[in-house]
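Structure first, then comments.
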Amino acid sequence: MFRRFAFKSFGYQPVRHRAVSHITTRSLTRVNLRGGYKKKGILVPFTIAGTFVASAALYKWYTATTNGDGTPSTQTIGSLTVDRNADTFEMGLYLASQKENEERAVNERNQRIENANSAAKRCILHIYFAIDDHIIKPVGVITRCIEITVCLLPIIITFPLTYLSINPSSPHTWWYTLIRNVLQHLGPSFIKLGQWAASRTDIFPDDFCRIIGGLHSGASPHSFKYTEKALCNLFAISTLDEVFDIVQEQPVGVGAIAQVHVVKFKESFTEHTDGKKWFALKILHPHVRETIAKDLSIMRFGAGLINSIPTMKWLSLPDEVLQFSILMNLQLDLRIEAFNLDTFRTNFHEYPLVTFPKPLDAFATPNIIFEEYLEALPMETFLKYKSDVDSVELCKRVSDPFVDAFLKMLILDDFIHSDLHPGNVMIKFVKMNMLQTRIISTEEEDRDVIVQLRDAYLKGETNFVQLLKEILTTHHPQICFIDAGLVTELNDTDRVNFIDLFNALVRFDGYKAGQLMIDRSRSPETAINNEEFAQKVKGLVSTIRNQTFTLGTVSIGALLDQMLSMVRMHHVRMEADFVSVVVAILLLEGIGRQLDPNLDLFDSSVPILQKYALQHNESSLLKDTGTFTMVALWLGLELRKWMTTSVKQLGYLLKSDQISPNY
């Protein structure tokens, strides 16, 4: 209950080895084995059969001297160097990781060949690698493709039956459920594909996104022996006792591509861990790269076939699969998550009520990462009991820092956590000084609070809720974000498009905003009924303006949801990063309104805009926005906030009979 991890799956692009690139299937016919047949027609089958037998034995030796997925057992520990020529920080990490993966694969093969102590072994290695590249891997892809095709056939065959549904309001519900079950069966790549598709409400219907969004990994944990071997290789030790006091064999979380164990370092080793002992160890499953690589290649092929259908071109599926492949690969290298955590910690170092787990950068590898273990209350648990707390003011103590943190990510930093569901948000309880500028409670005291809550929960819900209300009164909730493997950033082009759209919306020019959304979309030529779309956006913006000037509470999430429906209806292809930002806002307001029904993101953004106006941060999403526009927006929101507060106070006085014309 008190600790939960979420995972993503990912893949990689296969790398060819330079040393064996000249060896082809044809060249195998010219291998002259001592005592073998010299006639070409007879030599071919015997050569291939013999090579397979030799390759099988070689593969057993090969995997015995590696980590089981092709990476060297003596992998060097080091940090990833960001490619500064990339459009964004995250893309720089991706490119650097891909380049390093290619170089590591080539160097590892070269090293194995050089270490062979005879010409015969070197020849066998060359042959094995050639067969692996040109026969074994392609056959594996074909076999996987057949399996996927068989699993997808029921979805294709039953599609016509959706028009015979007895439920006219949701005719495709059962069919979407079938899709979800098939994706669940196909494994990690398709589970993550479904979860990604569920976030693209600009492409897929609402019911589809709701049902497919219920996918979960359902993965089985890998053997602890694999984890033990990987840790021993990492620290160059023979037994775990040399470095660890505790390594929990049972993982606390298992995802599609990785699992998490809780570990405790020895006291003598804490000089390398900033004095901390308890950490969460995240480690990839064995062979996950090969599995994901097959699935991604099949997805690319399938997307190309579907894209050849004229009526389906507006979906731009090859581009979407490319984006999905990048997202998967970003999570392949766990060092990228360490970089993201370090960046978040730097961005929020002046915000004591927001924190991220600190990674051990010195021991981060593509397969393993150690993160500070957080004893905290999951946001999911708090949301479950927030109605029993029965106090909007107490719940606002949780929602305010959560909402402020997201708006800072969006407006000031342009570096947004891309997976802000409740499972990735935790709550600690700390004590602050009088000015609320720093934490005065110790880590032990904060941990004791969580232990008290856990004990109260085990004794019964009544005890838990009562203690939770007391702690909310005496302590400040500190929001902890975990699972930062994916972030959203806008590159220069997307930022310019965002600024132009932002300026149009600030001026309540909905028609121009609609035109910009089409003109700056990925494929403007595929949009349909452009004029109607612009008029719909104009009407939606008018709704925002009317609610703003009538001082009503504006639901940004509901408005964005309407916008995505219009985008989907008119085939307007929005950039994936735009949609990620929109989905993040929807998740934010969904959680925020559960805690505070009167949440208004317009009001909440005022302090952030004030800080932006004073700092004008170069990394800000709005850094190129005109000064007049920002001042007008700031003053407008300030005036609206002041007027709303005044009206609410007047309403309270009238309701409490403190103002009466007959008094």
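The values are calculated or read from the model by the stated rules, or taken from the named source; none is laboratory data. Note that the structure is a prediction, hence the values are computed from the model and not measured. Counting neighbours? That spans all protein chains shown, and the Cβs are built from the backbone with ideal geometry, glycine included. For the accessible areas, the whole protein counts, side chains as well, though only heavy atoms, and no ligand, DNA or RNA atoms are used. Shrake-Rupley method; radii C 1.70, N 1.55, O 1.52, S 1.80 Å.
Which of the residues that make up region 342-363 are touching a Phe, Trp or Tyr at 6+ places or on another chain (Cβ under 8 Å) and among the hydroxyl-bearing types (Ser, Thr, Tyr)? Spell out how you get there, then give the answer.
Restricting attention to region 342-363, the residues satisfying the condition of being touching a Phe, Trp or Tyr at 6+ places or on another chain (Cβ under 8 Å) are 343-345, 347-348, 354-357, 359-360, 363.
Those that are touching a Phe, Trp or Tyr at 6+ places or on another chain (Cβ under 8 Å) and among the hydroxyl-bearing types (Ser, Thr, Tyr): THR343, THR355.
Residues that are among the aromatic types (Phe, Trp, Tyr) and either under 13 Å from PRO352 (Cα atoms) or out of contact with any helix residue (DSSP H, G or I) (no Cβ under 8 Å at 6 or more places or on another chain) (or both) within region 415-466 comprise just one, PHE429.
Condition check ((1) without any contact (Cβ under 8 Å) to a residue 24 or more places away in the chain; (2) within 19 Å of ASN340 (Cβ to Cβ); (3) not polar (S, T, N, Q)) across all residues:
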| position | (1), (2), (3) |
| --- | --- |
| CYS480 | no, yes, yes |
| GLY485 | no, yes, yes |
| THR488 | no, yes, no |
| VAL496 | no, no, yes |
| LEU501 | yes, no, yes |
| ASP509 | no, no, yes |
| ALA513 | no, no, yes |
| ILE518 | no, no, yes |
| SER521 | no, no, no |
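Here's a check for you: in region 443-464, which residue that is in contact (Cβ under 8 Å) with a residue 60 or more places away in the chain and open to solvent by 20 Å² or more (accessible area, probe 1.4 Å) is farthest from ALA376 (Cα to Cα)? Step through it out loud before you land on a result.
We begin by selecting, within region 443-464, every residue in contact (Cβ under 8 Å) with a residue 60 or more places away in the chain; these are 446-447, 450-451, 453-454, 457, 461, 464.
Checking which are open to solvent by 20 Å² or more (accessible area, probe 1.4 Å) leaves us with 447, 451, 454, 457, 461.
Working: ARG447: 8, VAL451: 9, ARG454: 10, TYR457: 14, GLU461: 18 Å.
Out of the qualifying residues, it is GLU461.
If we keep just the residues of region 306-335 that are within 20 Å of the chain's Cα centre (by Cα) and not in a helix (DSSP H, G or I), which is nearest to ALA527 (Cα to Cα)? Residue satisfying both the conditions and the ranking: GLN331. Before we move on, is VAL425 modelled with pLDDT of 90 or more and closer than 26 Å to VAL583 by Cα? For VAL425, the condition - modelled with pLDDT of 90 or more and closer than 26 Å to VAL583 by Cα - is met. Restricting ALA293, ALA362, ALA303, ALA338 to residues that are small (Gly, Ala, Ser), assigned to a helix (DSSP H, G or I) and open to solvent by 50 Å² or more (accessible area, probe 1.4 Å) narrows the list to ALA362. When we screen ILE191, ILE212 for residues that are buried (at least 21 other Cβ atoms within 10 Å of the Cβ), among the hydrophobic types (A, V, I, L, M, F, W, C) and within 14 Å of the chain's Cα centre (by Cα), the only hit is ILE191. The numbered conditions (1) under 24 Å from GLU249 (Cα atoms); (2) modelled with pLDDT of 90 or more are all true for ASP295 except (1).
So, VAL247, is that one more than 27 Å from LEU193 (Cα to Cα) and in contact (Cβ under 8 Å) with a residue 12 or more places away in the chain or not?
Working: more than 27 Å from LEU193 (Cα to Cα): yes; in contact (Cβ under 8 Å) with a residue 12 or more places away in the chain: yes.
So VAL247 fits the description; yes.
Inspection of region 538-550 finds a residue satisfying the criterion of being at pLDDT 85 or above and not hydrophobic (A, V, I, L, M, F, W, C).
One residue stands out in region 478-488 among those that are surrounded by fewer than 24 Cβ atoms within 10 Å (Cβ to Cβ) and not hydrophobic (A, V, I, L, M, F, W, C): the one that is nearest to LEU334 (Cα to Cα), namely THR488.
Name the residues in region 494-529 that are of a type in the set (Val, Ile, Thr), open to solvent by 50 Å² or more (accessible area, probe 1.4 Å) and modelled with pLDDT under 80, would you? Don't jump to the end; show me each part of the working.
Filtering region 494-529 for residues of a type in the set (Val, Ile, Thr) gives 496, 499, 506, 518, 526, 528.
Imposing the further condition that a residue be open to solvent by 50 Å² or more (accessible area, probe 1.4 Å) reduces the set to 496, 528.
Matches in region 494-529: VAL496 only.
Just the residues that are within 20 Å of ASP207 (Cα to Cα), open to solvent by less than 30 Å² (accessible area, probe 1.4 Å) and either assigned to a helix (DSSP H, G or I) or modelled with pLDDT under 75 (or both), please, taken from region 564-582. Across region 564-582, the qualifying residues are LEU564, MET566, VAL567, VAL579, VAL582.
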